[in-house]
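J.: Just passing along the structure, written as C-alpha cells.
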Amino acid sequence: MARYTCLVTVEASESGIKQPLGQTLESCNFDIIYEAGDYLVAREVPGGVAYPKLVTVEVLIDETPQEERGVRMNFVMKNEELPLHSNNHCRQMFDRVNRAIAENNQWQLIEAVAG
C-alpha cells in the first residue's frame, strides 16, 4: 500500500478553510465522499487508472491553532498500489495536491512538511 503524508500550515480562518480545500481537491480530480467538523475524505474520480491505483485523501484540520495566524491540516494520501517505483501514481497525485495547495490564491502557505 502506498502512503504519503504532509503537514500543511496555511494562513486562513478555520471557518474559511473547508470550501477552498474542497475546491482544491476537486481541481485535482477528487470527489469529497465524507465531511465532518474537522475531518474530510476525498477519493480520486474513477476512470483514469485501475481501481487499486485510485487514491484516497484524508485531511484532519487542527482546531487548536498552533500558529497565531495559521490553520494546520494533516494530509494522508494512500491507495492499494504497491510502491515498487518511487514515481508511482499515488506519489504523482500527492505531488499534484501539494502543488495545488501551495498555489491556491485563497490562502497563504506558511509551512509544508512532507513525511
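A short reminder: the numbers here are calculations on the coordinates, not readings from a lab. Computed from a prediction, not measured in an experiment: that's the story for all the values here. We place every Cβ from the backbone using ideal geometry, glycine too, and count neighbours over all the protein chains shown.
J.: To the nearest 500 deg cm²/dmol, what mean residue ellipticity at 222 nm is calculated for the chain from DSSP H runs of n ≥ 4 alone, each contributing -39,500 (n - 2.57), summed and divided by the residues?
T.: -7000 deg cm²/dmol
J.: On to the next question. Provide the gained length on full extension for the span Leu84 to Ile33, in nm with one decimal, where the gain is 0.36 nm per separating residue minus the Cα-Cα distance.
T.: The span from Leu84 to Ile33 would gain 15.6 nm if fully extended.
J.: Can you work out D for the chain in µm² s⁻¹ from Stokes-Einstein, where Rh is the Kirkwood radius over C-alpha pairs, the temperature is 4 °C and the viscosity is 1.567 mPa s?
T.: Estimated diffusion coefficient is 91 µm²/s.
J.: Related question: Select from Phe30, Val49, Ile110 the residue farthest towards the positive end of the dipole of the stretch 2-114; place +1 on Cβ of Lys and Arg, -1 on Cβ of Asp and Glu, and compute about the Cα centre.
T.: Final value for the positive-end residue is Val49.
J.: Quick one: helix 89-103 against the long Cα principal axis of the chain, what's the angle to the nearest 10°, folded into 0 to 90?
T.: Computed tilt is about 20 degrees.
J.: Considering the options Thr64, Ile101, Tyr39, tell which one lies farthest towards the positive end of the dipole of the chain, charges being +1 on Lys and Arg and -1 on Asp and Glu at the Cβ, about the Cα centre.
T.: Farthest along the dipole direction, towards plus: Ile101.
J.: Oh, and also: Non-local amide H neighbours of Glu81 (under 5 Å, H modeled in plane, Pro and chain starts lacking H): which ones?
T.: It is Ala2, by chain and number.
J.: Could you tell me the distance between the Cα centroids of the stretch 38-62 and the stretch 64-115, to the nearest Å?
T.: After rounding, the separation between the Cα centres reads 12 Å.
J.: How far is helix 18-27 tilted, in degrees, relative to the longest principal axis of the Cα atoms in the chain, given as a value from 0 to 90 rounded to the nearest 10?
T.: Value to nearest ten degrees: 30.
J.: Determine the gain in length on full extension of the stretch Val76-Thr5; use 0.36 nm per residue of separation and subtract their C-alpha separation, reporting nm with one decimal.
T.: On the way: separation 71, 0.36 × 71 = 25.56 nm, distance 0.45 nm.
Value of the extension gain: 25.1 nm.
J.: Would you work out the charge dipole size for the stretch 2-114 about its Cα centre, treating the Cβ of every Lys and Arg as +1 and the Cβ of every Asp and Glu as -1, and quote it to the nearest 20 debye?
T.: 440 debye
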